[in-house]
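The values are calculated or read from the model by the stated rules, or taken from the named source; none is laboratory data. Owing to the predicted nature of the structure, the values given are computational and were not obtained by experimental measurement. Neighbour counts are summed over all protein chains in view; Cβ atoms, including those assigned to glycine, are modelled from backbone coordinates with ideal geometry.
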Amino acid sequence: MGTYGKKATRPCMCGFYGDPSGRCRCTPDKVAQYRSRISGPLLDRIDMHIEVPGVPKEILLDQKTQGGESSSAVRERVERARERQRQRSNCINAALGNKQIEETCGLEEEGRRLLEQAIDRLGLSARAYHRVLKVARTIADLAAEETIRPAHLAEAVQYRCLDRANTLA
């Protein structure tokens, strides 16, 4: 998350895999070969893998405000979440060690089952498992929730799209 920087990669060699325009002509084998260049241990060290589609020209050309939450409101919510994190464990969630993860990321039974399914289906490593827990804890903090709910876990798992892509390719 924030302390580790941001990295981006294209979804395939041409960069248009999954684009609704149909411009990508990469074969599934070529996509898998391209994605396999990113090692599993490196992927494990990235908290969130998110596919970001291109912005349609209609939205780019629309000069009106698109609505949604203002940047200042988001900043305030993030600051409150970080303060909760510091009060709970004297550090932000991204910096939690394994013992602290156990202490701060307790799960209810439904959440445990959901995470077990994700581990089985995605083949998550121990490192990826801990990353999912820390992201879920952060999502719960942003929602001002004391406990990690199944919805928080499900959202955190969704941010592991490259794990999913490697199991589906």
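Summary of computed values
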read-out: Single match in 108, 83, 102, 146 (criterion: in contact (Cβ under 8 Å) with a residue 24 or more places away in the chain and acidic (Asp, Glu)); value: 108
read-out: Residue 128, sole failed condition from (1) surrounded by 18 or more Cβ atoms within 10 Å (Cβ to Cβ); (2) touching a Gly at 6+ places or on another chain (Cβ under 7 Å); value: (2)
read-out: Counted residues, the range 94-125 - those being outside any helix (DSSP H, G or I) and surrounded by 16 or more Cβ atoms within 10 Å (Cβ to Cβ); value: 4
read-out: Residue ranges of helices (runs of 4 or more DSSP H) in the range 1-64 with at least 2 members under 19 Å from the mean Cα position of the chain (by Cα) and modelled with pLDDT under 80; value: 40-44
read-out: Test set (1) part of a helix (DSSP H, G or I); (2) modelled with pLDDT of 90 or more - residue 146 fails condition number; value: (1)
read-out: Filter pass, residue 86 being surrounded by fewer than 17 Cβ atoms within 10 Å (Cβ to Cβ), assigned to a loop (DSSP other than H, G, I, E, B) and over 19 Å from the mean Cα position of the chain (by Cα); value: no
